[in-house]
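Comments concern the structure below.
The values are calculated or read from the model by the stated rules, or taken from the named source; none is laboratory data. Keep in mind that this is a model prediction, so the values were computed, not measured. Positions of Cβ are backbone-derived with ideal geometry, glycine not excepted, and every protein chain shown enters the neighbour counts. Please note that ligands, DNA and RNA were not included when accessible areas were found on the heavy atoms of the full protein model with its side chains. Shrake-Rupley method; radii C 1.70, N 1.55, O 1.52, S 1.80 Å.
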Amino acid sequence: MSTVLETTRTIEDYLTMPDEEMHERIELARKELGPRVVILGHHYQRDDVIRHADLTGDSYQLSVMASQTDAEYIVFCGVHFMAESADILGKPSQHVILPDLGAGCSMADMATIDQVEDAWEQLRDIGVLDSKVAPITYMNSSAAIKAFCGRHEGVVCTSSNAVPLFDIYLKEFDKMFFFPDQHLGRNTGAKFGIPLDKMVLWNPHEDLGGNTPEQLREAKLILWRGHCSVHGRFKDWHVDKIREQVPGVQVLVHPECTREVVEKSDLDGSTSYIIKTVEQSPSGSKWAIGTEVNLVSRLAKRFPDKEIHLLAPDLCMCATMYRIAPQNLARAIENLLDGNVVNEIVVDNETKHHAKVALDRMISLTEKK
Ligand code: SF4
């Protein structure tokens, strides 16, 4: 489990500060701290935070890149599970800071370790664990759930490597229990031709997840009932509508979108895949992208020669990511100047050890592929 250490300088000192003064103070503090600090900005982060980031990327990339620096302090402008991953993968001498402790991930919060352990015991009680079952968790989950997978021959996956890892696990195990994003699990399972009735949904609030013992014995994939509150808002009719409005548009979506949306799109893939696809597309190409609005807006600004639309124009910001603001970044970084580490995210050693087993397994298996 992670624990949160004490805080010192308060956020109130920053709330009324004019924006430009705050940005200048962040820059000054950054300069003074030099290589002792690295600021990470997730792709979905807002512009007024991303302008201060030393490194930008997705959650796993950022944690790996930060661990390769000699920075003493890693300020993660992302959400809680990302900061935990940075602590798991970081050097023992590195301290990880989440500028706002309220920046959680609604998807990660849909699966708690107690619920997962309870589900596992229910599967044991009905004999499902007599067959070979592998627990697999998406990176967007708590350190405790990653550790659970590490302890039970399971693995962590990202949206980039879910396909090769499913390929390995489907051959070596009778079934998989996938946490916490049902849509990434279902979309990946569909790529292997698993029929929908062999991909059952586990509702943590019902006995046996709302399934019969027979359904669970027959299933190839058990999908935890979690979803991303951002990507879950895209609907299949958004795809129909944009195709009507923008003839020739190509629809490119993240696999955290529902099955219906992915089925209607032209392409689906991770955040890095989305960026690379747009980067490599010819000038004049037209895209409707189903992912977080900040990323799509930055792509549109970067490529004015391409026509880039958000798949649903009235959506979709990650509200929890948005809690990281220049105010709490300024507070975190100026406290470092005073020698205070605020909002430190610390994963306990035992959890860290087992979570690292699952992450190392992910790396070694995907390197072999
Ligand atoms: S975009 Fe979705 S999965 Fe990503 S941090 Fe926000 S709620 Fe979580």
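This table checks each residue for (1) open to solvent by 10 Å² or more (accessible area, probe 1.4 Å); (2) assigned to a loop (DSSP other than H, G, I, E, B); (3) not basic (Lys, Arg).
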residue: Ser297; (1), (2), (3): yes, no, yes
residue: Lys301; (1), (2), (3): yes, no, no
residue: Leu315; (1), (2), (3): yes, yes, yes
residue: Ala319; (1), (2), (3): yes, yes, yes
residue: Ile333; (1), (2), (3): no, no, yes
residue: Leu336; (1), (2), (3): no, no, yes
residue: Asn340; (1), (2), (3): yes, yes, yes
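In region 220-234, what residues are open to solvent by 10 Å² or more (accessible area, probe 1.4 Å) and more than 16 Å from the ligand (Cβ to nearest atom)? It would help to see each step written out before you state the result.
In the first step, residues of region 220-234 are kept if they are open to solvent by 10 Å² or more (accessible area, probe 1.4 Å); the result is 220, 225, 227-229, 232-233.
Within region 220-234, Lys220 is the sole residue that qualifies.
List every residue pair whose Cβ atoms sit under 7 Å apart, with the two residues 6 or more apart in sequence or on different chains, where the first one lies in region 169-183 and is at pLDDT 95 or above and within 16 Å of the ligand (Cβ to nearest atom) and the second, anywhere, is β-branched (Val, Ile, Thr) and open to solvent by 10 Å² or more (accessible area, probe 1.4 Å).
His183/Thr258
Does region 96-113 include one or more residues that are under 26 Å from Leu170 (Cα atoms), outside any loop (DSSP other than H, G, I, E, B) and in contact with a helix residue (DSSP H, G or I) (Cβ under 6 Å, 6 or more places away or on another chain)?
Of the residues in region 96-113, the ones under 26 Å from Leu170 (Cα atoms) are 107-108, 110-113.
Next cut, outside any loop (DSSP other than H, G, I, E, B) only: 108, 110, 113.
From the residues that got through so far, the ones that are in contact with a helix residue (DSSP H, G or I) (Cβ under 6 Å, 6 or more places away or on another chain) too are 108, 113.
Within region 96-113, one or more residues are under 26 Å from Leu170 (Cα atoms), outside any loop (DSSP other than H, G, I, E, B) and in contact with a helix residue (DSSP H, G or I) (Cβ under 6 Å, 6 or more places away or on another chain).
Does Gly150 satisfy being over 24 Å from Ser272 (Cβ atoms) and assigned to a loop (DSSP other than H, G, I, E, B)? Walk me through how you get there before you give the answer.
Values: over 24 Å from Ser272 (Cβ atoms): yes; assigned to a loop (DSSP other than H, G, I, E, B): no.
Here the answer is no, as Gly150 does not meet what is asked.
Every residue, every condition in (1) in contact (Cβ under 8 Å) with a residue 24 or more places away in the chain; (2) open to solvent by 60 Å² or more (accessible area, probe 1.4 Å); (3) within 15 Å of the ligand (Cβ to nearest atom), yes or no:
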{"site": "Leu28", "(1), (2), (3)": "no, yes, no"}
{"site": "Gly41", "(1), (2), (3)": "yes, no, yes"}
{"site": "Gln45", "(1), (2), (3)": "yes, no, yes"}
{"site": "Leu55", "(1), (2), (3)": "no, no, no"}
{"site": "Val64", "(1), (2), (3)": "yes, no, no"}
{"site": "Ile74", "(1), (2), (3)": "yes, no, no"}
{"site": "Leu89", "(1), (2), (3)": "yes, no, no"}
